[in-house]
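First comes the structure, then the notes that go with it.
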Amino acid sequence: MKNRFLVFLIIFLGLILTNSQIHSQSLASTNLTTINVDDLSDEQILSYMQQAEASGYSEQQIEALARQRGMAESQISKLRRRIDRLKTMNSRSNNLLGKGSANASSRQSSNIELNNAFGEISKEREGGELSYTQKRIFGYSLFQNNQLDFSPNLSIPTPSNYQIGPGDELAVDLWGATQLNETLIVDPEGTVRPEGLRPIYVNGLSIRQLRKLLKDRYSEIYEGLAGREDNTPTIFIETSLTGIRTINVSVIGEVNNPGNYALNSLSTVYTALYASGGPNENGTFRNIQLIRDNKVLKTIDIYDFLTSGIKVSDVLLRSGDIVLVKPFLNRIELNGQVRREGTYELKQGESLSELLKYSSGFTDKAYQNRLQVVRTTDLSKKILTIDKDDFDSTTLKDGDEIDVKEIIDRFENRVIIQGAVYSPGQFELKPNMSLLDLIDLADGLLGDAFTQRVNLTRTNPDFTIESSSFNLNDLREGNIENVLLKNDDVVTVPSIYDLRNEFYVKISGLVGDEGTYPFINNMTVQDLIVLAGGVLEGASLGNIEIARRNNDQGLNNLAEIIRVQLNETLISENPQFLKPYDQVFVRTLPGYEVQKTIRIEGEVVSPGEYALSRKDERISDIINRAQGLTPYAYAKGAILIRKTEFAEEKSDLELSSEYLQSLQERVLELEETDNSNSMAYLVSRLEEMKSVKSDLQNGDEVGSQIKKDLLVQNAERDSLIVDIEIKEVEPVTLELDQLLNKPGSKYDLLLRPGDVISIPGKLETVRVAGEVTSPLNVRFDESYSFKDYIFQSGGYLQTSKKSRSYVQYPNGERQGVKRFLWFKNYPKIEPGSTIFVAKKPERAALSIQEIITASTGLATIALVISQLTN
C-alpha cells in the first residue's frame, strides 16, 4: 500500500509542476509548502491514481523531494488517508464487501455474498412484473426497486456508534519528529499487533475510544506524542478505518429469499431485507424483529419509513444477527375513493382512522360521512356501517374489506338557464329566487328571444319531471304571479329562429361561386350575384330566372318563374327582391362558345391549328382554309385522329382558366419591369379569378357520359370472349381523294373539337410483318400482288394463319383475305400499306387422362351402335 501511495505521489507532484508551468525545472526548485490536500476533489485524486502506473521515480526519491520542498507531514498523511479511503470505496462499490481474511472467507463460503445476492435479485426484479396481489400490498414494491437498494454509504465518515471488530483494517499515520505509516488488521481474537508493541485488544471499541487507546499505547515508544514539559507535542498521530469487515447475517421467515448473507459491517436491517428480496406475500411489514444473542434487540415497522421517511430502529448489524419476518396478523382491503388503494396491514388496536392515514386519506370525490365494512364471520359475511364520528374508535379485523363510495352527482342549490340569454349556464339558487331574478343573473335576453313562451322544467322529489310555460311579458307587467325557483330547475328561453327553419337562397350557373347563401331581408338578385363572386364570361344578364316556391294551392303549379333583366352594371329597371328559398339561375348567352380548335398536319400548304368557325364545318372546309394540298401529298394515306368518349374533355370554364393562367404568367413577367399600380392591380384580379369555381357543364356532357358508360358495359361483357382495349383517341378512316372530288358528300366528315387531320407525303414502300420468314419494308411495285410481297419477305412460317392475314392501308382502312370455296381473293396493295400475317393459336397437347377419357367415350358409342344393329 505504501509503494502505491508513493507512486501516486509522484504523479501528484508532476501535475503540480505542470500546472505551475515549471515542468522543465527540477523538483528541487519547487515549493510545496502551500499544498492543501483538502482542496483536491475525489475525482481529481482518482484521475491521478490512474496515471500512477506510468511513474519511474523510486520511493526514496519521492519522499526526499516532498520533504525537501516543504510539504508538511500532515499533508502527506492526509493524502495517504484520502488514497486509502478511495481505494476502500472503490473496492466496496465493486463487491460491497469488506476486506475479510482468507480464512474467514473460506469459512463462510456457504453464505450468500451481498454482491451476488443483489445481482441475482436485481435480475429477478428486472425480469418479471409484480403480480396484482403483490402490487396491492402496501410497501411490497419497496424492496423490489433497483433504484433503492439501502446499500451503506461508504463515502461518509465512520459512524460514531461503529464498533471495531475482527476483520477491520486500520491505518495509523505518525508525522512530525517521526514518520510512520502502519496498517493494522484486527485478528479473530479482537487484537491488533503494532510493530514494537504488545497486542492491543480493540474489539468492541468505538472510533473515538480506539484513537485514544492507540495514542496512549504508541506514546510508550514515541515520547513526542505526549508532549514535552511545555506540553507541545513533536509527533502527531492519526488513526482511520480503511477497510471494514464482513459480517454474516441470517434473514429468515416470510421473505422472498431466506438465507445467510455476507454483508459489510456498515449494513443495517433494511440492507439485509433488500438483499433477501423483502417480505413475501405472507410476510409482515409491521413487526420485523432483529435478534441478537438470542434476544429480540429491536422491532422494525416498515410503515414508519413508508409514511414519514424515517427509519426507526434501523441499527447496524453484527455478525450472527438474525432478522426474522413473521407472518402478518391483520390485513385490510381498502378500495374506492382513497388516494392510495391497496392491502394494508394493521397492528393490534389500530383504528380505521390510522388505516385512512396510511392510504393518504380520501379523494375529493369520496363520501366521508360513513363507511361500510364487509367482514367475514365463521359462517358468512356481514356489513358494518361506521359513522364518521366512530372512525377513531373502530378497530378492524383481518380480512375486512372497505369500499369508499363516491358522492352522488347532484347539486343542492343549482338552477340552469339556457337559450336566448347573454350568459347561459348554471347559477346558485338563492332563497326566494324567481324566474326573473335568474334572467337578470344571466345578463338579460338576446334580441331574438321568444318571450311569449318561456319553458320551466322541474324535477320533483320523486324524480318525475314536469314542465310549464310562462309569458315573460305578463310576468314583467305583473299580470301573473312571479315564479319561484327550486333546486335543479331548468329555464329555457327559445329563440325565434328555433320556431322556424333557417332561411336561405341558392344561385347556380355562370357565377363565381355557386351555392347556397343565407337569406337577408330586402336582398335583391344583384346582391346575391355579388355575394356569389359576380357573373362569369358568357353569362346572359338579360335572361336571369328566379324559381320561387309555389304558395298557390293549385295542384298543377310547381314553382313560380320570374324573369329578370340586368344590364352590364347589374342595374334593373324593376328591382326584384328575393324571398326565402328562392333559386336564381344565370344562363349562358345563346350561341356562346369558347373557341374550339382542330389541327391539320402534313402535306398541306398551311399546316397548323385552326379554330372551328361553324358547328357544321367539314374536312374540305379546313383543307381549303389551309390552301389545299401540296404537290407531294398522298391523299389516299390521309387519316383522321379523333378523341373518344373516354378522353378527358375540358369544359369552357376550364379552358378559360387555362387562358387566364397563361395570361397571369405573362403579366408576372412584365411586372418585373413595370411596377405601376395598374399592373399590380391586374395581378391581384387575376389571382382572385383563379379561385373561381363552377359546376357548369358542357351542353352534351351528360349524353357523352351515358355513351361512355354503355361502352364500358359492353367492353366488360365482351371481354369474356376477347380482350377489348379502350383508348382515349382512335383513328377514323378517310377517303381524301373522294372527299376532294365531292365536297359535302358522305366522305366529307363533320369536324369535332380536338380532331387531328394527318396527310402524309408520297409513300414508296410496303411493310410486311407478322408470321413471315423476314419481316421488312419492300419497295412498292404496281405489278406486285399480295403473294409477291410475301415471297419478297421469305414466305410464310409454319406458325402462320394464312386465312387471317390482312392489309392495313395508310388511311386506317383494313381489308382481309377473302375466301370462297377453294378460291382466295387477296386485297390490293397500295403504297404505305402494311401486310400482316396472323399467327396460329397455340394448342395444348392432350394429357394421358384426356386421351383415356376420349377413348372411353368412343368405345362406349361403338358398343351402343353395335347393340342397336344387332
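The values are calculated or read from the model by the stated rules, or taken from the named source; none is laboratory data. This is a predicted model, so every value here is computed, not measured. Neighbour counts run over all protein chains shown; Cβ positions are idealised from the backbone, glycine included. The protein model used for the area step is the full one, side chains on, heavy atoms only, and it has no ligands, DNA or RNA in it. Shrake-Rupley method; radii C 1.70, N 1.55, O 1.52, S 1.80 Å.
Assigning unit charges at the beta carbon (Lys, Arg +1; Asp, Glu -1) and nothing else, what dipole magnitude in debye, to the nearest 20, does the range 317-387 show about its Cα centre? Walk me through the intermediate numbers first.
Working: 12 positive and 9 negative charges, 10 e Å.
For this selection, approximately 40 debye.
What order, most packed first, do the peptides 417-429, 400-412 have when packing is the mean number of other Cβ atoms within 10 Å of each residue?
417-429, 400-412
Looking at this model, which pairs from LYS596/LYS636; LYS787/LYS828; LYS636/LYS742; LYS727/LYS818; LYS295/LYS357; LYS357/LYS397 are more than 22 angstrom apart at the alpha-carbon? Write down the numbers at each step before the final one.
Numbers: LYS596/LYS636 27 Å; LYS787/LYS828 11 Å; LYS636/LYS742 15 Å; LYS727/LYS818 29 Å; LYS295/LYS357 33 Å; LYS357/LYS397 17 Å.
Those over the limit are LYS596/LYS636; LYS727/LYS818; LYS295/LYS357.
For GLU195 and ASP293, what does the FRET efficiency come to when R0 = 45 Å and r is the distance between their Cβ atoms, rounded to the nearest 0.05?
For GLU195 and ASP293, the calculated efficiency is 0.80.
Once Rh for the range 515-577 is found with the Kirkwood sum over Cα pairs, what is the Stokes-Einstein diffusion coefficient at 4 °C and 1.567 mPa s, in µm²/s?
98 µm²/s
Largest first and to the nearest Å, give the Cα extent of the range 133-173 along each principal axis.
56, 19, 18
Using a 1.4 Å probe and ignoring any ligands, DNA or RNA, find the accessible area of ASP443 and quote it in Å² to the nearest 10.
100 Å²
Pop out the ³J(HN,Hα) list for the range 470-480 in order, Karplus 6.51 cos²θ - 1.76 cosθ + 1.60 with θ = phi - 60°, rounded to Hz; leave Gly and Pro as x.
9, 9, 4, 4, 5, 5, 5, 7, x, 6, 10
For the range 794-814, list residues with backbone N below 18 Å from a point placed 7 Å from the Cα of TRP822 toward its Cβ?
803, by backbone N distance to the label point.
Considering the Cα trace of the range 383-426, what is its radius of gyration and what is Dmax, both in angstroms?
Calculated on Cα positions, Rg and Dmax stand at 20.5, 60 Å.
Report the Stokes-Einstein translational diffusion coefficient (µm² s⁻¹, integer) for the range 198-329, Rh taken as the Kirkwood radius over Cα pairs, at 20 °C with viscosity 1.002 mPa s. Please report the intermediate quantities before stating the final value.
Values: Rh = 17.5 Å.
Calculated translational D: 122 µm²/s.
Pop out the ³J(HN,Hα) list for the range 190-204 in order, Karplus 6.51 cos²θ - 1.76 cosθ + 1.60 with θ = phi - 60°, rounded to Hz; leave Gly and Pro as x.
Values, residue by residue: x, 10, 10, 10, x, 5, x, 10, 6, x, 10, 7, 10, 4, x Hz.
Please report Rg over Rh for the range 764-870, where both radii come from the alpha carbon positions and Rh follows the Kirkwood definition.
Radius of gyration over Kirkwood radius for the range 764-870 works out to 1.30.
Stretch LEU379-ILE310 to full length: gain in nm at 0.36 nm per residue minus the Cα-Cα span? Before the final figure, lay out the partial values.
On the way: separation 69, 0.36 × 69 = 24.84 nm, distance 4.22 nm.
Extra length from LEU379 to ILE310 when fully extended: 20.6 nm.
Give the ranking of TRP175, TRP822 by solvent-accessible surface, highest area first, calculated with a 1.4 Å probe.
If we order TRP175, TRP822 from most to least accessible, we get TRP822, TRP175.
If you put +1 on each Lys and Arg Cβ and -1 on each Asp and Glu Cβ, how big is the dipole of the range 748-792 around its Cα centre, in Debye rounded to 20?
100 debye
Write down the accessible area per residue of the range 332-461 in Å², having rolled a 1.4 Å probe over the full set of protein chains. Walk me through the numbers on the way to the answer.
Working: 7660 Å² over 130 residues.
On a per-residue basis, 59 Å².
Can you run the Rg to Rh ratio on the range 800-860? Use alpha carbon positions and the Kirkwood inverse-distance Rh.
Using Cα coordinates only, the ratio equals 1.31.
Which semi-axes, in whole Å and largest first, does the equivalent ellipsoid of the range 324-406 have when worked out from the alpha carbon gyration tensor as the square roots of 5 times its eigenvalues?
20, 16, 12
Which of the listed residues, VAL511, LEU435, GLN418, is farthest toward the dipole's positive end in the range 400-514, when Lys, Arg count +1 and Asp, Glu count -1 at the beta-carbon?
Of VAL511, LEU435, GLN418, it is VAL511.
Can you give the accessible area of LYS382, probe radius 1.4 Å, in Å² rounded to 10?
Approximately 90 Å² for this residue.
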